[in-house]
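Enquirer: I have a structure here, written as structure tokens, and I will follow up with some questions on it.
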């Protein structure tokens with residue numbers, strides 16, 4: 001059931017009166033379901049540390065690289081030798 005707005009249309013500012021005659025409902029719905037969204041909300045203290053989205057992306061790439069480096073198994077430089085049993 002539709003409710004009436006708390007104001008009259010005539011009382012709204014001219015710049016707020018939009019023409020929805022050509023609007024399409026759910027235009028991006030399928031794309032959002034398929035691809036997801038790319039919005040991340042940062043806390044205010046974190047947002048102050050990064051001037052733009054490129055800085056955030058660079059920091060996240062460094063975190064990913066550090067995580068991948070930590071997961072790599074350590075390689076041995078010398079092959080371990082076996083002790084032979086006395087025959």
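The values are calculated or read from the model by the stated rules, or taken from the named source; none is laboratory data. Just so it is clear, the model here is predicted, and its values are computed rather than measured. Neighbour counts are summed over all protein chains in view; Cβ atoms, including those assigned to glycine, are modelled from backbone coordinates with ideal geometry.
The rows are residues; the columns are (1) in contact with a helix residue (DSSP H, G or I) (Cβ under 9 Å, 6 or more places away or on another chain); (2) at positive phi; (3) modelled with pLDDT under 75.
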residue: 2; (1), (2), (3): no, no, yes
residue: 8; (1), (2), (3): no, no, yes
residue: 11; (1), (2), (3): no, no, yes
residue: 19; (1), (2), (3): no, no, no
residue: 22; (1), (2), (3): no, no, no
residue: 27; (1), (2), (3): no, no, no
residue: 30; (1), (2), (3): no, no, no
residue: 37; (1), (2), (3): no, no, no
residue: 42; (1), (2), (3): yes, no, no
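Enquirer: Mind counting the residues in the stretch 54-87 that are in a helix (DSSP H, G or I) and modelled with pLDDT under 75?
Expert: In the first step, residues of the stretch 54-87 are kept if they are in a helix (DSSP H, G or I); the result is 54-71.
Filter once more, keeping what is modelled with pLDDT under 75: none.
Qualifying residue count, the stretch 54-87: 0.
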